[in-house]
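Read through the structure below, which is laid out as C-alpha cells, and then see the notes.
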Amino acid sequence: MATVQVSEAEKVYILHGIRDDLRVDGRGCEDYRHMEIETDVVSNTDGSAKVTLGHTAVLVGVKADIGKPRPMVPNEGYFEFFVDCSANATPEFEGRGGEELGTELSNTLYKVFNNKHSVDLKSLCISAGEHCWVLYVDVLLLQCDGNLYDAISVAIKAALFNTKIPRVHISADEEGGKEIELSDDPYDCMRLNVENVPCIVTLCKVGHRHVVDATLQEKACSVASLIISVTHKGTVTCTRKVGGGSLDPESIFEMTEAGKRVGKNLHAPLMKLLQQEESLGKTRQKVGFLG
Amino acid sequence: MLKSKTFVRKTRSGGVMKIVREHYLRDDIWCGSEVCAECKQESTVLQRDACIESNLCSYPHYVIPDTNVVLHQIDVLEDPVIRNVIILQTVLQEVRHRSAPVYKRLKDMIHEKEKFFYAFTNEHHRETFIEREPGESANDRNDRAIRVAAKWYSQHLKTSESDADGLKVVLLTNDQGNKQKAEESGLLVYKCEEYIKSLIGNPELVDRLALSNDDKHDITSSKVLFPEHLPLSKIQAGIKSGAFVQGTFRASRDNYLEATVFVQGDGDESTEILIQGLQNLNRAVYQDVVAVQLLPQNQWVAPSSVVLQDEGAAKDDEEEKEEEDEEKALRISAAEAARKPTGKVVGIIKRNWRPFCGMLNISQIKESTRHLFTPADRRIPRIRIETRQASTLAGQRIMVAIDGWPKHSRYPNGHFVRSLGNAGEKDTEQEVLLLEHDVPHQDFSQAVLSFLPKMPWTITPEDMARREDLRNLTVCSVDPPGCTDIDDALHCRELDNGNLEVGVHIADVSHFIRPGNAMDREAASRGTTVYLCGKRIDMVPELLSSNLCSLRSNVERLAFSCIWEMNHKAEILKTRFTKSVINSKASLTYAEAQMRIDDTTKNDDITKSLRGLNKLAKILKRQRIEKGALTLSSLEVRFHIDSETHDPIDLQTKELMETNSMVEEFMLLANISVAQKIYDEFPDCAMLRKHPAPPPSNYDILLKAAKSKDVEIHTDTAKALADSLDVARVDGFPYFNTLLRILATRCMMQAVYFCSGMDSDFHHYGLASPIYTHFTSPIRRYADIIVHRLLAVAIAADSTYPDLMDKQKQSALANNLNYRHKMSQYAQRASVAFHTQLFFKSRGILNEEGFVLFVRKNAIIVLIPKFGLEGTVFFDAKDKAGPKLVFDEEGPTLNVEQHTFRIFDKVKVTISLDASNIQHQKIRMSLIDPVIPGVSVPAPEVEPQTKKPKLDR
C-alpha cells in the first residue's frame, strides 16, 4: 500500500487539527475532497467511468460477455472483479508489487457488489441454467492518494450506470436447440438499475475521532479504519475493518453512524450528476485523459 | 475529425465482442466532376458534358444508383451507353458484402476510363458522413447516407461557378420508401426501370433489366408449383442435427427430371443422393449448394436410364399433363438392389448462378415479349426472359443471367446480358465453349504483361555463373508438328566408362515467373493452357510460351535439367538435377525423328543420340508394363484445317509412332525422379499427382461386355487387368481389343494433383508408379511450375517463399488446377465435337460401319472407329409409336422388335448433321444394318466424293 513517511511533529499537527474538526487541507472530518466523474471514457467497453478524488484516480471498465450461470443460482448472472494496480500509480506496484493490494481490493468488491441486493442479478440471466451475462469489472488504479475504496466504489457505480448490454434474442428451433442472436442495432441495449448499488465509505480512526476520505498523511496517523458500504437509503450492507490497530465497540458504532450519514449524502448528488451527464447525450464534450 | 464506429459481434465460441473502429472524416475528398471549380482535384472523372438521350432527364446529369440497383442491374450498368455514374462508398461496401462477383465487375467498371464511373468516398467526407440513429436499421441508415450524399452533390454542383451547364444528379432507387423520402428532400429520383425505359436512344437496354420483385406476379400463374425453400437458419439447424445433408447439386445431362447431390463426407468418404422429379428437385440449379432431406427407404428409386429432354412448350399448363406422364415413366419399379438413397431438396444454401450461354426459343404467340431461353448446357433449366428484340436475337448465341425462381413458376426468370454472335459461326461457337467451360480466355492484362522480361532478352553473365553450361551437348526436341511451345528436349551420349548419360531438359519457366506477382497469379488461376482445334489459349503470355521459354533449336535457352547415368539395361545409376543453359541442335517432329532413326545411312550426333534414347525407351517401357502399367486407348482425332478458311477439310485419328512413346518414357522417368526428390525433401508440401485405383464396381460394364464375347477380364490389380487386356482377342474381330481398351479407359478414375501433406495414398494406378508428379511441361501446366520451384529449393538453386511451404494453400491450389484441367479437357472435347460437326456439314450424308459401345434402355451408343466418333441411335421417337423394346440389364442387351443388340455388335449407320436444333447441332445416326422394319432406314445415296480420303490404315 502506498504510504508516506510522516514525522512525529507533523503527526501531532494533523492529530490536533482533526481533534478540532479542521483538517490540514481545510476540510471538516466528514467532508470529501474534490471529486470528478466522467463516464463513457473507454469506447471499447460496454460501460466505463473515470473518477478522480483529490489526486487519487481510478478507471473502471465494464465488459459484458455471455457465460454459463453458476449451478447454485441458475437464473442469475454474476460479476467478476479484477483490480489492476498499475505501476503508474506508484512505483511500489512495479512487477508484482501491486498484486496483494489488488486481490484485497477485489475480494472486498465481490463482497460489496456481487449480490442480488445491489444489482438485480436476475436481469442478467438470458436463459436459465444455460446462458447469462457475466459482467467483468476491471478497475485500474491510475494514481494513489488515499481512500481507494471510496473512489473505486463511486467509479463502479458510475460505470454500471453507464453500462449498455447488447440486447439478445433467443430463437429456439423445433429440436429444442437454442440460438442466441444479437440485435444489429447498436442502440438496442439493456441498462442496469443501479439505484441500490452501494458506495463504500472509509472511516479512518485518527486519535479519538474519525475522518472520511483520508489523505495519505492522515492515513499514516491512523491505526485502523472501517470500511462501510451504504446504499442510498442508508442501509449498511457490509463492514470491514482494515489496518493493524484495534477499535473499541463504541467507536465502531459511532463510525458506522457517521458512515451511514456520509454515504446517504453521497448517493443523491452522484445519481443527479450521472443523469445530468447522460441527458447531454452526444452533445457532451468529452474530457478524456488529457483534458 | 475523428469518429468511431461501434458494433457488437458474436464470436465463434459464443461470446460477445464489442468492436470499435476509428473513423476519420476528411475535408479533402473531391467531387470528381469536370465542372467543379471548388474542389482542388488533380484529375476529374465525371464529364462536363454528361448527356444521354432520355425523355425524363433532358439536362446533363450524373447518375447515383443505390445498392440494390447496382446488385440487380449490373448488366445494364455495364453497357457502354451508361456513363457518368457516381458510385458511393456506401454502395460499394454493401455490394462487396453481398456479392463478390458483382463487386468485381463494379470495380472493373470504375477502373475503366471510358465509363466515367467515379467512386465517391462519402463515408469519409465530412459533410456526407452520418451516424446511425437510435431505432434506425442498418439499411435505413445506408439509404439515408445515399440520400445525404446525393443531396450534397446536387448542392455542390449548383454552387459551382459554372452553373450555366445546369448539371444535376439523378438518384436511382427501386425502393419505394427511399424514393419518397428522397423526393421530400427535393432530390431528382427515378426508379431504375423508369430511367432505363426513358433512354430513347437505346431501347435494347430494357431487355437487360433484371426482373424485380413487383413485376414478377404478372408473368406467372399464381399456382404454386414448388414447395417453399426453408430459411437458412432452419437449414443450418437441420444439418447440425443430421436431419438434412449439405451437398452440391448436379443435374443429369440426359434427364432433366433427375439429379444427384454430391455430399462430401468426413475424410475421403463421399456419397451421392439421387433426386428425382420436379417437385423434389425444387428449383435447384446445377452447381448450387443445397440441403437435402433423405426420403424413407421404401421411397428410394433407381436412377433411370431413360434419356429425357425437356421439350416443353412455353406455356406452363400445356406441359403439366405431359410431365406427369414423363415422371411416371421414370418410376418404373426398379430392382431392389439398384435403388439408391433418394432425397428431396428442402433448401438452397448457396446459389451458384452465372450467366449462361444459349439460344432463344421464340414464343409462338406473336408480339409476345416473353420467351424461353434454352441454355447450351443441358443441365441448366430453361430460363424465361423478357425481350423486345426477339427477332434479332433469334439464331444468335446469347448470354442470359438468372434473376430468381419463384415457387409458382415452372422456369426461372432471367434477363438478357449480351449477344455472342450468330450461332454456327466458328468464332461464336468457340466463345461459347470457352465461356461454358469457365476457361479464362481474356487477353493478358497490362499488369501481367508488365512482368515480362524486357526485349531483347539475353542470358546475363550472372545467370551463366549460377547455371551449368550444357550448350555443347547434342540436345534436340521432338514434338508434334506445328508445336511452338516446346517445353522439353532430350539428349543421350555415351560416357567414357561405357555407361550412358541421358538428360531431360525442361524449359525453366519458374525463372521468368516469380512467385506472387501478377503474372504468377494469373497463371495459377488459369492453371493450364487449353488447346482447341486451331486455337490455343495460353497460360502464360506468348512471349514466354512461344519464345523465351520455348526450347527452340539453335538458340540459347534456360533449362532445368534432369540428368541420369544409366547402364545399357536402362538401370539408373545416378540422378542429378541442375539449372542449366542449353542450345538445342534440332526441333524435330515425331515423324522426322522416326525417319532419322530408321534411316541407316544417317550417323550424325543427333541421330545417334535419338537411337540411344529409343533403345533405352523400349527397355523402360517393357519394364513399366511388366510392373503393371496400363496401355489404354481412346480415339483421338486430328483435323486437317484449311489454312485460309480455317474449316476442317479432313480428319484423321492420331497416329502413334515409336518416337511418341520414346519421348513419353523419358518424361515419365523424369517426373518420377523429380517426384521422389521433392517428396524426400518436402514430405509435407510436395505437389504430386495420383491416380486412384477405381472401385471394383466401375468395371462392371467392362466385365459384362467381355463376357458377352466369352473373354475373361481380371480386374484385381492393374497388372492383372493389363495382362488380361493383352490376351483378350476374338477371332475375326481385330478391333475387339481396341474396343475393350476404350471401355477400360471409361472405367478409370480421374488422375488428380494433391499436396503430399494432405493425403496418404500416392499411388498412380495407370502408370503403376508409387509416386508421380508433373515436371515436364511448365509452359502449359501450372503444377509443373510449382514442382520446378520445389525442386529448385531442394537443390538450393532458388529461394523459397511462405506459400510454397503452406500445405493448406498448396492443397487449395491443387484443387483449382484439378478443376481447370477437367474443364480444359471438356472444352477440348467440345471443340473437337464442333469441328466434327463442321466436317460432316461439308461432307453431307455418309454411311459408315461402327460398333455398339453401350446399350441403353431406349438407345444404343455407336462408335465409328474411322472418325473416332460416338453417336446415339434412338429407338423411340416422341411423335410416333416406338417399336417394342425389351431391355435386359444383365447383358446388357436391348431387344428391338426381333433383333437383339449387344455390346460390340457391328452395325451400319448413316451419319448426317442434324441442324434442326441449331443450339445443339448434333451428329444424327440412323441404323441401316441390321435391317429392322420400322426402325432402320434405307441406305441413302452417298454423295460422290471427288477424292476418297486415305484414312483407313
Single unsatisfied condition, A:LYS122 versus (1) more than 14 Å from every other protein chain (Cβ to nearest Cβ); (2) touching a residue at least 60 places away in the same chain (Cβ under 8 Å); (3) not polar (S, T, N, Q): (2)
Residue, farthest from the other protein chains (Cβ to nearest Cβ), within the range A:185-209, restricted to residues that are open to solvent by 20 Å² or more (accessible area, probe 1.4 Å) and within 16 Å of the chain's Cα centre (by Cα): A:ASN196
Complete set of residues in the range B:46-94 that are within 38 Å of the chain's Cα centre (by Cα), open to solvent by less than 20 Å² (accessible area, probe 1.4 Å) and farther than 17 Å from B:THR121 by Cβ: B:VAL63, B:VAL69, B:GLN73, B:ILE74, B:ASP75, B:VAL76, B:LEU77, B:ASP79, B:ILE82, B:ASN84
Residue that is modelled with the highest pLDDT, among those in the range B:242-265 that are touching a helix residue (DSSP H, G or I) at 6+ places or on another chain (Cβ under 9 Å) and within 10 Å of B:TYR286 (Cα to Cα): B:PHE249
Any hit, the range B:336-355, residues being hydrophobic (A, V, I, L, M, F, W, C), at pLDDT 80 or above and open to solvent by less than 20 Å² (accessible area, probe 1.4 Å): yes
The range B:225-263, residues that are within 14 Å of another protein chain (Cβ to nearest Cβ) and among the hydrophobic types (A, V, I, L, M, F, W, C): B:LEU230, B:LEU232, B:ILE235, B:ALA237, B:ILE239, B:ALA243, B:PHE244
Qualifying residue in the range B:564-587 (condition: free of Cβ contacts under 8 Å to residues at least 40 places away in the same chain and part of a helix (DSSP H, G or I)): no
Meets criteria (in a loop (DSSP other than H, G, I, E, B) and under 30 Å from B:THR484 (Cβ atoms)) for B:HIS788: no
Any hit, the range A:36-46, residues being closer than 22 Å to A:THR215 by Cβ, open to solvent by 20 Å² or more (accessible area, probe 1.4 Å) and modelled with pLDDT of 90 or more: yes
Condition check for A:VAL24: over 15 Å from the mean Cα position of the chain (by Cα), away from chain B (no Cβ under 14 Å) and in a loop (DSSP other than H, G, I, E, B): yes
Any hit, the range B:648-658, residues being of a type in the set (Asp, Glu), modelled with pLDDT of 85 or more and assigned by the TED database to the domain that holds B:PRO778: no
Failed item, numbered, when A:VAL6 is tested on (1) away from chain B (no Cβ under 14 Å); (2) touching a Cys at 6+ places or on another chain (Cβ under 9 Å); (3) buried (at least 18 other Cβ atoms within 10 Å of the Cβ): (3)
Among (1) small (Gly, Ala, Ser); (2) open to solvent by less than 70 Å² (accessible area, probe 1.4 Å); (3) more than 30 Å from B:PRO203 (Cα to Cα), the one test that B:SER43 misses: (2)
Flag for A:ILE66 being surrounded by 13 or more Cβ atoms within 10 Å (Cβ to Cβ), more than 14 Å from every other protein chain (Cβ to nearest Cβ), touching a His at 6+ places or on another chain (Cβ under 9 Å) and more than 18 Å from A:CYS144 (Cβ to Cβ): no
Index of the failed condition, B:LYS407 passing every other in (1) farther than 30 Å from B:ARG552 by Cβ; (2) without any contact (Cβ under 8 Å) to a residue 40 or more places away in the chain; (3) more than 29 Å from the chain's Cα centre (by Cα): (2)
Residues of the range A:210-232 satisfying the condition of being over 21 Å from the mean Cα position of the chain (by Cα) and within 20 Å of A:HIS55 (Cα to Cα): A:GLN217, A:GLU218, A:ALA220, A:CYS221, A:SER222
Entirely in the range B:453-539, the helices (runs of 4 or more DSSP H) that have 3 or more residues that are more than 37 Å from the chain's Cα centre (by Cα): B:461-466
Selection from the range B:1-54 of residues that are part of a loop (DSSP other than H, G, I, E, B), among the β-branched types (Val, Ile, Thr) and within 14 Å of another protein chain (Cβ to nearest Cβ): B:THR11
For B:GLU494: the one exception among (1) touching a Leu at 6+ places or on another chain (Cβ under 9 Å); (2) modelled with pLDDT under 85; (3) in the same structural domain as B:ASN517 (by the TED database): (2)
Answer from B:ASN142, B:ASN174 - the residue that is among the polar types (S, T, N, Q) and within 14 Å of chain A (Cβ to nearest Cβ): B:ASN142
Leading residue by the ranking (farthest from the other protein chains (Cβ to nearest Cβ)) among those in the range A:77-94 that are modelled with pLDDT of 90 or more and open to solvent by 20 Å² or more (accessible area, probe 1.4 Å): A:ASP84
Residues being touching a residue at least 12 places away in the same chain (Cβ under 8 Å) and in a helix (DSSP H, G or I) - total across the range A:59-96: 2
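Every residue, every condition in (1) within 13 Å of chain B (Cβ to nearest Cβ); (2) in contact with a Cys (Cβ under 7 Å, 6 or more places away or on another chain); (3) open to solvent by 60 Å² or more (accessible area, probe 1.4 Å); (4) at pLDDT 90 or above, yes or no:
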{"residue": "A:HIS117", "(1), (2), (3), (4)": "no, no, yes, no"}
{"residue": "A:TRP133", "(1), (2), (3), (4)": "yes, no, no, yes"}
{"residue": "A:TYR136", "(1), (2), (3), (4)": "yes, no, yes, yes"}
{"residue": "A:GLY146", "(1), (2), (3), (4)": "no, no, no, no"}
{"residue": "A:VAL154", "(1), (2), (3), (4)": "no, yes, no, yes"}
{"residue": "A:LEU160", "(1), (2), (3), (4)": "no, no, no, yes"}
{"residue": "A:THR163", "(1), (2), (3), (4)": "yes, no, no, yes"}
{"residue": "A:SER183", "(1), (2), (3), (4)": "yes, no, no, no"}
Flag if B:PRO949 is assigned to a loop (DSSP other than H, G, I, E, B), modelled with pLDDT under 75 and open to solvent by 30 Å² or more (accessible area, probe 1.4 Å): no
Residues being polar (S, T, N, Q) and surrounded by 21 or more Cβ atoms within 10 Å (Cβ to Cβ) - total across the range B:551-574: 1
Filter result for B:PRO303 (in a loop (DSSP other than H, G, I, E, B), touching a strand residue (DSSP E or B) at 6+ places or on another chain (Cβ under 9 Å), at pLDDT below 75 and away from chain A (no Cβ under 14 Å)): yes
Residue check for B:ASN413: open to solvent by less than 10 Å² (accessible area, probe 1.4 Å) and either in contact (Cβ under 8 Å) with a residue 12 or more places away in the chain or of a type in the set (Val, Ile, Thr) (or both): yes
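The values are calculated or read from the model by the stated rules, or taken from the named source; none is laboratory data. This is a predicted model, so every value here is computed, not measured. Cβ sites come from the backbone with ideal geometry, for glycine too, and all protein chains shown count toward neighbours. For the accessible areas, the whole protein counts, side chains as well, though only heavy atoms, and no ligand, DNA or RNA atoms are used. Shrake-Rupley method; radii C 1.70, N 1.55, O 1.52, S 1.80 Å.
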